[in-house]
1. Between A:E472 and A:K575, what is 0.36 nm times their sequence separation minus the Cα-Cα distance? Round to one decimal in nm.
2. Net charge near A:C379, counting Lys/Arg +1 and Asp/Glu -1 over other residues with Cβ under 15 Å of its Cβ?
3. Multiply the residue separation of A:D524 and A:D210 by 0.36 nm, subtract the distance between their alpha-carbon atoms, and state the gained length in nm to one decimal.
4. May I ask you to compute the full-extension gain from A:E378 to A:E320, defined as 0.36 nm times their residue separation minus their alpha-carbon distance, rounded to one decimal in nm?
5. Hey, could you get me the Stokes-Einstein D for region A:303-417, Kirkwood radius over alpha-carbon pairs, 20 °C and 1.002 mPa s, rounded to whole µm² s⁻¹?
6. After finding the eigenvalues of the alpha carbon gyration tensor for chain A, what semi-axes result from the square roots of 5 times each, listed largest first in whole Å?
7. How much FRET efficiency would the formula 1/(1 + (r/R0)^6) give for A:Q624 and A:E542, where r is the Cβ-Cβ distance and R0 is 22 Å, rounded to 0.05?
8. Which pairs, out of A:K288/A:K374; A:K308/A:K352; A:K102/A:K679; A:K12/A:K65, put more than 28 Å between their alpha-carbon atoms?
Amino acid sequence: MVKYNPKKIEAKWQEKWFNSSVFKAKNGSKKKKFYAMVEFPYPSGDGLHVGHCRSYTALDIIARKKRMQGFNVLYPMGWDAFGLPTENYAIKKGVHPSVVTKKNVEYFKEQMQRMGWSFDWSREIDTTDPKYYKWTQWIFIQLFKNGLAYKSKININWCPSCLIGLANEEVVNGNCERCGTKVEKREKEQWMIKITNYADRLIRDLENVDYLEKIKTQQKDWIGESHGALVKFPIEGVEESIDVFTTRIDTIFSGTFLIVAPGSSFIDTHKSRIENIDEVLKYREEAKNVSDMDRTNQDKDVTGVQLKGILVRNPATNEEMPVWTADFVLEQYGTGAVFADAHDKRDFKMAKKYGIPLRTSIKPDDELLTQKVKNLEECFEGDGILYNSVQFDGMKSAQARPLIIAWLSSKGFAQPKISYKLRDWVFSRQHYWGEPIPMIFCKKCGWQSVFEKDLPVKLPNVKKYKPTDTGESPLSLIKNWVETECPKCGGPAQRETDTMPNWAGSNWYFLRYIDPKNSKKLVDESLAKYWLPVDWYNGGMEHTTLHLLYSRFIFKFLWDIKAVPLSIGSEPYKKRTSHGMVLGEGGIKMSKSKGNVINPDVIVKEYGADTLRIYEMFMGPFEQMIPWDTKGVVGCRRFVEKIYNLASQKTAAVKTEEGLKKILHKTVKKVAEDIELMKFNTSVSAMMEFVNEWSRVTGSRSAGQVSATGLDKKDLANFLIILSPFAPHLAEELWANAGLKEMCSLQKWPKYDEKLIEDQEVLLIVQINGKVRDKINAKAGLTQKEAEKIVMKSEKIKALIGEVEVKKIVFVPNKLINIVI
RNA sequence: GCCCGAGUGGUGGAAUGGUAUACACGAAGGACUUAAAAUCCUUUGAGGGAAACUUCAUGCGGGUUCGACUCCCGCCUCGGGCACCA
């Protein structure tokens, strides 16, 4: 018998697949479409990660199964190749980033093909290809033309190590998401995208998509919608008022002072009337130097300064309130001002510290606690019952809120308002290796977009792409590129030198796979109509806030401007799932510094791609984090080899053994159902059980008389088909060896026989008072009476019941009988 | 602090109201071999018993039920998300 040699088998079938059109998605097909997508990788120098393998194998299984079920499947792959690691590597080694990218892409592609994933390589895309980023730039111009891209001088998060501005989303606990350096504040003119205009739709439309509940929650949390009211506080001595956003209007009767953010324009507007303006401005400067991390530190002592000479009036109580500034009030949220009262811990703490008067107006249900609250010994923040609130006394918080808004609204002091935590998206980066922002600044005409016919604005090929210490993009040093003509007046003008963030290329890539070579349009309308939306999108949990949000937003925008057909709806992904991370052995994260990174190449070389594919599916529940275990790989290799040996026995075709046939049909059913639910681990174990039985049956026969496979040709074919999404090379090889026609990958997915699966005989569990006391083999479909009769004959049961009275008998057909005594 | 998810053998895990520990790894013993590797066979939750068998066990404490890993209530631990958000 020939020994199982994955190296030979796998190379052979990969060549056959990729030199033919078996996995090519067909435009203009009458078949139903299925668009399966995985997050395209960033082609780093490290090569493919075993985490990529988990995600790509899972959707490969789904794509292969759908193909066999008669769908026209699109399962594409590409490269998200702009980004810092490539740039940093290029700087260090003195090679151009495009050269580095090309090398990395080649390596990744080679690795991917060795895994046997059924990608349609004819649709490969690369975000750094000018033919691709032409359209990334085109999208930016549309955003600009529609008033959603604007330039603004803002305090940006600056990473002093990467020398780059970061979006709020890229700051994790006050540190740079990429390198972990503490983020600083810098004031800079930046391109901003008005994603906030879409906040409500980005929440609302989640109802129409099939995402994991966890992912929907994350999206909602990130957008941070809160319902409340905008309340006007009239300013004493002038005909003006200040707006405050609140979700707790029920506490307004206890509002005794007002706090504005240190950076609030309120301070500038009323500068002349603030008696201690120097002190206030000094506090503002100090607040600027406090990082967001410290500003949001709960244990920090509260600080603040009163704006002396300024008083406002509480529209509910008509009492005068002093105005303070404190750094815990943030400029960016709500209106940058709050009314303060005894029912907020921070306000409470501040009032106690500076001796500001407090009053309470909400009491909890508890008498003892109420006394403490009334005596200002404790701060009560929850919903409760109103008092000190005139006509609202005795009402519950939730009940009172809409009534108070209505009452104040009738007097012209309030209106309902929804506020979001989501902020506009900082879109400028001061780096070389990104898409140039296609904008031109003219002193006379202001910011103008490049003519669409002049796209793409190519990245100039230069030697110096190192970031500058000044925070300017390295492109600013290339004079003959920067200097250009104004598209409007033709006068001298300068190009924008900042580039786009890495999200820019990845937030619309699913559109380009549909029509990757179109030079006239973003995507052909009829093709988009056929292929969109993406039916199933899988990726990492780390991309379920940012990338998913950005790409949903951009798609909605493109839908609004009719760049994609209206009929497909405004959500790009019908279904989104996420895989759990693959951890290093021992449960710690894989990292180069810990030296515990598993290279898929090494595993493929030693065990074969089919083994690696099966292991990654078998290792545990798909959505769960799981530590790598090379010993577990060995078990999967044994399984693969066992199949190879069993199927390779050259014997005359026999009739499949009855019991084995039944298990095969059950396995066909289970594997099909489990794949849809991404329960790959149990599909594999079901196949293992089948193979164990197959091996047992075959073994007993060969020991006896006729040496036989125990599976006839037709049943072997069916098993190979359900195995093929998991171990495609092995399935093809055995398919060919068995003399079956065409490729296994082109077969129809098998049906199972309902009748055959039904058990003729069942194991009836006999319980007494819920404890298992006997197991009896019985005919299937027994009635309760018949079952009782059989059970009462059992010596064991008779002995256990004895003379005691039987109170009740619970009967579950074909499963169990429970005698209660 | 708030919101999700999880906790089962030595290990990864299976079972979503009905035989707890499928499948796999590891370990122990055996066969084959001069030997090792590979392969095959047997055992493998814990305790008691010569055995038939029996008691206990799904993070902890209660509850519902004929019957609970599974449902409900209260805690503990771990992981993830959000966080002076007004």
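1. Stretched fully, the A:E472-A:K575 segment lengthens by 33.0 nm.
2. That sum, taken over residues with Cβ under 15 Å, equals +2.
3. Contour length minus the Cα-Cα distance gives 110.4 nm.
4. 18.4 nm
5. Details: Rh = 15.6 Å.
Rounded to a whole number, D works out at 138 µm²/s.
6. Values: eigenvalues 702, 352, 102 Å².
For chain A, the semi-axes come out at 59, 42, 23 Å.
7. Working: r = 15 Å, r/R0 = 0.69.
E(calc), rounded to 0.05, equals 0.90.
8. A:K288/A:K374; A:K102/A:K679
The values are calculated or read from the model by the stated rules, or taken from the named source; none is laboratory data. Quick caveat, the model's predicted, so the values are computed rather than measured. Note that each Cβ is placed from the backbone with ideal geometry, even for glycine, and that neighbours are counted across all protein chains shown. To get the accessible areas, we keep the full protein, side chains included, count just its heavy atoms, and leave off ligands, DNA and RNA. Shrake-Rupley method; radii C 1.70, N 1.55, O 1.52, S 1.80 Å.
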